[in-house]
Amino acid sequence: MHEAFASTVAQLLPVFALAALVELIAFSRQFGRGLGELRAWSDLPPRLIDLGAIVLGVLIIGWLEFDLVRAEMMCLDALVGRPVPLGAANEVRATVVEALVYLIAFPVVGVVLQLLLRISLRAMSLTRTAPSTLDSDPVALGLLAEDHVA
């Protein structure tokens, strides 16, 4: 791993780590409002919904932060002259790409999830409030099972 590459990435990775945490906080605030609506309509206990959201967020951010710390340690080892694994530069590059994808995709995923949640809540509210009509009842229309037999 070249010294210039290791130096640049060693300075860049902590910025990515901080930006990832800020993204997670912004996402949790944005999606938290949607979770409130979901709690009102879901049959699941509210604490289970909250726990699922927290576990998912911790898994995603934990995986990224672990990769960022591992890549940072490889860069710092290269800068002080310690031996690094043979494919360390490729692993560091992959971690930088992973962080960029996370920082670009996470807000988009948040918007899409918020939209899907609103659509599903709207559909649930329509099905819960829609009155049953006689058109959908075959007995009320005079159609019995025997009438359909040819």
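Throughout, read-outs are computed from the coordinates displayed, never taken from laboratory work. What you see is a predicted model, and the numbers here were worked out from it, not measured in a lab. Counting neighbours? That spans all protein chains shown, and the Cβs are built from the backbone with ideal geometry, glycine included.
So, in nm, how far is label Ile60 from label Ala94 when the simple model puts each one 7 Å beyond its Cα toward the Cβ?
2.2
Quick one: what are the phi-derived ³J(HN,Hα) couplings along segment 56-67, Karplus 6.51/-1.76/1.60 with θ = phi - 60°, whole Hz, x for glycine and proline?
4, x, 5, 5, 5, 5, x, 4, 5, 5, 4, 5
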